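The next block holds one structure in the form of structure tokens; read it before the comments.
The values are calculated or read from the model by the stated rules, or taken from the named source; none is laboratory data. Computed from a prediction, not measured in an experiment: that's the story for all the values here. Cβ: placed from backbone, ideal geometry, glycine included. Neighbour counts: every protein chain shown.
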Amino acid sequence: MNRIIGVLGRFDRKTILLMSVALLLFLNLFRLAVGYYKDQVAEEETQQALLAQHQATVEKLPDLKKRVGRLERRGAFLEDYLFTGDSVDEISSAMQIQLQKMVTDAGLDPESIRPIIKKKKGQTDKYESVEIKIRLAGTMPQLINFLSRFYKNKKLFVVESFTVKPYKKTQVKVFFDIKGFYFLKKAG
């Protein structure tokens, strides 16, 4: 300790102060250089991770293209089974006419075929549905004929509920709740 004081005693205060400032400046520059180096290493590691992720994604690209192609074909196939039109009223009318034709071709007596259009607030999906309530009267063979026509139909209908009640001695009353699916030309 005396040695250090002895060595420092040879220098005046100004020189000691300048040497201290130079030492602190050197240490601060060294700290900044180490921080800059660490930042560069971290950035390089991030870039390598992004590159590895990009390479993995590029490897999956041919499979994804095939999958997109299959999904587009399936979507086009599905759209062939959906009703299309410019408005919900036009589409529900087309559904009603098609069901009316199937009912009369089967020989059933249509008491009522009415679409129920529910106004949706907020988001609209590409594919939507119209609920249709059907009330019929006829014989069991006529009902079987109608069901045969219904399931051979090229448009997508889903039977939500189905009730058959006896009527008179040889006839039945039939109640259907059906959903018909569609998409609007403007939206899709």
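Results for (1) of a type in the set (A, V, I, L, M); (2) part of a helix (DSSP H, G or I); (3) assigned by TED's automatic domain parsing to the domain that holds residue 147, shown as yes or no for each residue.
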residue: 61; (1), (2), (3): yes, yes, no
residue: 65; (1), (2), (3): no, yes, no
residue: 68; (1), (2), (3): yes, yes, no
residue: 71; (1), (2), (3): yes, yes, no
residue: 91; (1), (2), (3): yes, yes, yes
residue: 95; (1), (2), (3): yes, yes, yes
residue: 99; (1), (2), (3): yes, yes, yes
residue: 114; (1), (2), (3): no, no, yes
residue: 118; (1), (2), (3): no, no, yes
- Would you say residue 142 is surrounded by 10 or more Cβ atoms within 10 Å (Cβ to Cβ) and either assigned to a loop (DSSP other than H, G, I, E, B) or under 32 Å from the mean Cα position of the chain (by Cα) (or both)? no
- Spot the failing condition for residue 115; the list is (1) surrounded by 11 or more Cβ atoms within 10 Å (Cβ to Cβ); (2) over 31 Å from the mean Cα position of the chain (by Cα), and only one is missed. (2)
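To keep it simple, each residue is scored yes or no on (1) within 30 Å of residue 115 (Cβ to Cβ); (2) surrounded by 10 or more Cβ atoms within 10 Å (Cβ to Cβ); (3) among the charged types (D, E, K, R).
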site: 22; (1), (2), (3): no, yes, no
site: 25; (1), (2), (3): no, yes, no
site: 31; (1), (2), (3): no, yes, yes
site: 50; (1), (2), (3): no, yes, no
site: 54; (1), (2), (3): no, yes, no
site: 58; (1), (2), (3): no, no, no
site: 69; (1), (2), (3): no, yes, no
site: 83; (1), (2), (3): yes, yes, no
site: 87; (1), (2), (3): yes, yes, no
